[in-house]
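Q: Next up is a structure, given as structure tokens.
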Amino acid sequence: MLDRYYDELEVGTTWRSRGRTITEADIVMFAAFSGDWYPLHTDKEWAAKTQFGQRIAHGLLVLSVCSGLWNIAPGTVVAFYGIDKLRFTAPTFIGDTIHVELEVLAKEDRGPDQGVVTFQLEAKNQRNETVMVATKKILMRRKPA
């Protein structure tokens with residue numbers, strides 16, 4: 001979806017990414033990078049006693065993986081503009097394969113050569129269960145003349 005320019009996107013356009021499986025290594029590396037060693041993510045025995053029954057991925061890991069699943073072409077995106085209404089609606093477990101579904105909700109001109117696109121983002125697992133939802137805004141370039 002982000003392989004197009006601002007003026008090539010229309011409200012209502014949808015897109016689905018490829019999948020990516022969340023691994024134990026992903027969780028360990030994210031914990032090391034972020035410093036978030038909360039036992040729900042990193043302690044198998046502790047997590048087994050929770051309502052989830054096992055370790056779950058960090059919410060921010062899921063968000064980060066989703067960002068990497070977007071098809072971004074160099075030159076179309078100026079910057080990540082913001083995120084609203086972010087919710088983690090179901091756990092993501094080790095071994096789950098998630099994908100992203102996007103819909104263009106709105107466009108707002110920001111001068112002659114760029115604009116902000118608002119996307120509805122849903123991350124879904126291999127059972128098509130929504131695990132994360134958000135409204136994401138991206139500052140994008142118009143197609144060069």
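Q: Pairs please, first residue from region 134-145 and at pLDDT below 95, second anywhere and surrounded by 18 or more Cβ atoms within 10 Å (Cβ to Cβ) and among the polar types (S, T, N, Q), Cβ atoms under 9 Å, 6+ apart in sequence or on different chains.
A: Lys143/Thr76
Q: Still on this structure, please answer the following. So is Ala57 in contact with an Asp or Glu (Cβ under 8 Å, 6 or more places away or on another chain) and at pLDDT 95 or above or not?
A: Yes; evaluated as a whole, the condition is true for this residue.
Q: Here's something else I'd like to know. Which condition number in (1) over 10 Å from the mean Cα position of the chain (by Cα); (2) within 21 Å of Thr14 (Cβ to Cβ) is the one that Glu101 fails?
A: Of everything listed in (1) over 10 Å from the mean Cα position of the chain (by Cα); (2) within 21 Å of Thr14 (Cβ to Cβ), Glu101 misses just condition (1).
Q: Ala47 passes all but one of (1) farther than 30 Å from Glu8 by Cα; (2) of a type in the set (A, V, I, L, M); (3) surrounded by fewer than 17 Cβ atoms within 10 Å (Cβ to Cβ); which number fails?
A: Here Ala47 meets the rest and fails (3).
Q: Can you tell me which of (1) modelled with pLDDT of 95 or more; (2) under 30 Å from Arg141 (Cα atoms) is the one Gly68 doesn't meet?
A: (1)
Q: So, in region 6-30, how many residues would count as being farther than 17 Å from Ile98 by Cα, touching a strand residue (DSSP E or B) at 6+ places or on another chain (Cβ under 6 Å) and assigned to a loop (DSSP other than H, G, I, E, B)?
A: Residues in region 6-30 being farther than 17 Å from Ile98 by Cα, touching a strand residue (DSSP E or B) at 6+ places or on another chain (Cβ under 6 Å) and assigned to a loop (DSSP other than H, G, I, E, B): 3 in total.
Q: Among Met140, Met132, which is part of a strand (DSSP E or B), more than 15 Å from the chain's Cα centre (by Cα) and either crowded, with 16+ Cβ neighbours inside 10 Å or of a type outside the set (A, V, I, L, M, F, W, C) (or both)?
A: Met140
Q: Could you check, for region 34-43, whether at least one of its residues is of a type in the set (A, V, I, L, M), more than 14 Å from Met132 (Cβ to Cβ) and modelled with pLDDT of 95 or more?
A: Yes; the residues of region 34-43 include at least one that is of a type in the set (A, V, I, L, M), more than 14 Å from Met132 (Cβ to Cβ) and modelled with pLDDT of 95 or more.
Q: Let me ask you something else. Among all residue pairs at least 6 apart or on different chains, which show Cβ distances below 7 Å where the first residue, located in region 1-25, is touching a residue at least 12 places away in the same chain (Cβ under 8 Å) and among the aromatic types (Phe, Trp, Tyr) and the second is in a loop (DSSP other than H, G, I, E, B) and buried (at least 16 other Cβ atoms within 10 Å of the Cβ)?
A: If the second residue must be in a loop (DSSP other than H, G, I, E, B) and buried (at least 16 other Cβ atoms within 10 Å of the Cβ), the pairs left are Tyr5/Thr76; Tyr5/Arg142; Tyr6/Arg142; Trp15/Met1.
Q: Out of everything in region 32-58 that is under 25 Å from the mean Cα position of the chain (by Cα) and among the aromatic types (Phe, Trp, Tyr), what residue ends up being nearest to Asp96 (Cα to Cα)?
A: Applying the filter and picking the extreme gives Phe52.
Q: Taking interchain pairs and intrachain pairs at least six residues apart, which have beta carbon atoms under 6 angstrom, with the first residue in region 91-113 and under 14 Å from Thr135 (Cβ atoms) and without any contact (Cβ under 8 Å) to a residue 24 or more places away in the chain and the second part of a strand (DSSP E or B) and β-branched (Val, Ile, Thr)?
A: Glu108/Val116
The values are calculated or read from the model by the stated rules, or taken from the named source; none is laboratory data. Here the structure is a predicted model, which means the values were calculated and not measured. Virtual Cβ from ideal backbone geometry, glycine too; neighbours counted across all protein chains shown.
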